[in-house]
Amino acid sequence: MNFERLFNMQKELDAHIETKHELNNEDLFDRKVLALLVELGELANETRCFKFWSVKPAAAQETILEEYVDGVHFILSLGIELQFEAAAPVIEAADQNDINEQFLAVFEQIHQFRAEKTRDSYEKLFLVYLQLGQLLGFSAADIEQAYFEKNEVNYERQKENY
């Protein structure tokens, strides 16, 4: 995955949004953290992995991937916010294969990162999120391509006053 390109694209999108909405002097860190938590919840909802009481199947893999890259956008944006753009994680296999446990690990690491705001906690957040993507069946190429596509959608939404 070309993290440098992803960070640069996200930086341009963030600058566009912040300028358009006159947010250049706003501290958006906590709002971005909350947005990431919400996106993670939406992703879990699409996978339905925790819904032991339901027989309805998960959403289509394409829909799950689109939700997943929404989280990538906010993780990149949070890294930019703290000038951690060069903090591309070394991708390692997840410690376990339970998607529910991995979702919980991501939630926990988001809270840890918010509390610490360190490069190390940011890299751990990015890593556990990428591991979640692996457990969901996404390759680095899948994630990168979906990010590019969603980035275009996000620009279009800004043009349409989303």
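The values are calculated or read from the model by the stated rules, or taken from the named source; none is laboratory data. Keep in mind the model is a prediction, meaning the values are calculated, not measured. With ideal geometry, Cβ positions are generated from the backbone for all residues, glycine too; neighbour counts draw on all protein chains shown. Note: areas computed on protein heavy atoms with side chains; ligands, DNA, RNA excluded. Shrake-Rupley method; radii C 1.70, N 1.55, O 1.52, S 1.80 Å.
Assigning unit charges at the beta carbon (Lys, Arg +1; Asp, Glu -1) and nothing else, what dipole magnitude in debye, to the nearest 20, does the chain show about its Cα centre?
On the way: 15 positive and 31 negative charges, 49 e Å.
Dipole about the Cα centre, nearest 20: 240 debye.
By accessible area of protein heavy atoms, probe 1.4 Å, what ranking do Ile64, Ile80 get, highest first? Walk me through the numbers before you get to the answer.
Values: Ile64 5, Ile80 30 Å².
Heavy-atom accessible area, descending, gives Ile80, Ile64.
Listed peptides 123-134, 105-116 appear in the order 123-134, 105-116 once ranked by packing, highest mean of other Cβ atoms within 10 Å at the front.
Remark: the range 17-57 carries a charge dipole of roughly 420 debye about the Cα centre, counting +1 on each Lys and Arg Cβ and -1 on each Asp and Glu Cβ. Name the residue farthest towards the positive end of the dipole of the chain from the options Asn2, Thr47, Leu130, assuming +1 on Cβ of Lys and Arg, -1 on Cβ of Asp and Glu, about the Cα centre. Value computed over the given set: Thr47.
With the gyration tensor restricted to C-alpha atoms of the range 75-157, the semi-axes of the equivalent ellipsoid amount to 20, 19, 11 Å, longest first. Other residues within the sphere of radius under 12 Å centred on the Cβ of Ile75, judged by their own Cβ, net out at -3 (K and R +1, D and E -1).
Pairs from the table (Lys20/Lys159; Lys32/Lys56; Lys51/Lys124; Lys20/Lys150) lying more than 21 angstrom apart at Cα are Lys32/Lys56; Lys51/Lys124. Computed over neighbours whose Cβ is under 13 Å from that of Ala59, the net charge equals -2, Lys and Arg +1, Asp and Glu -1. Coupling constants for the range 22-38 follow from the phi torsions by the Karplus curve (6.51 cos²θ - 1.76 cosθ + 1.60, θ = phi - 60°), and in residue order they are 6, 10, 4, 9, 8, 8, 9, 4, 5, 5, 5, 4, 4, 4, 5, 4, 5 Hz; glycine and proline get x. For the peptides 91-99, 40-48, 148-156, the ranking by mean Cβ contacts within 10 Å, running from highest to lowest, is 40-48, 148-156, 91-99.
Before rounding to the nearest 500, sum -39500 (n - 2.57) across all DSSP H runs of length at least 4 in the chain and divide by the residue total; then give [θ] at 222 nm in deg cm²/dmol. Don't skip to the answer; put the middle values down first.
Details: 6 runs with 113 residues, N = 162.
For the chain, the value works out to -24000 deg cm²/dmol.
Where the alpha-carbon atoms of the chain are placed on the principal axes, they occupy 45, 36, 27 Å, in descending order.
The spacing between the range 1-33 and the range 68-100, judged by their C-alpha centroids, is 15 Å. So, counting K/R as plus one and D/E as minus one, what does the shell of residues with Cβ under 12 Å around Met9 add up to? Net charge around Met9: -4.
Projecting the Cα atoms of Ser121, Ser139, Val33 onto the charge dipole of the chain, computed from C-beta unit charges around the Cα centre, puts Val33 farthest toward the positive end. Summing Cβ point charges (Lys, Arg +1; Asp, Glu -1) relative to the Cα centre of the range 43-133 gives a dipole of roughly 240 debye.
Every Cα-Cα pair of the range 1-45 was included, and the share exceeding 14 Å stands at 65 percent.
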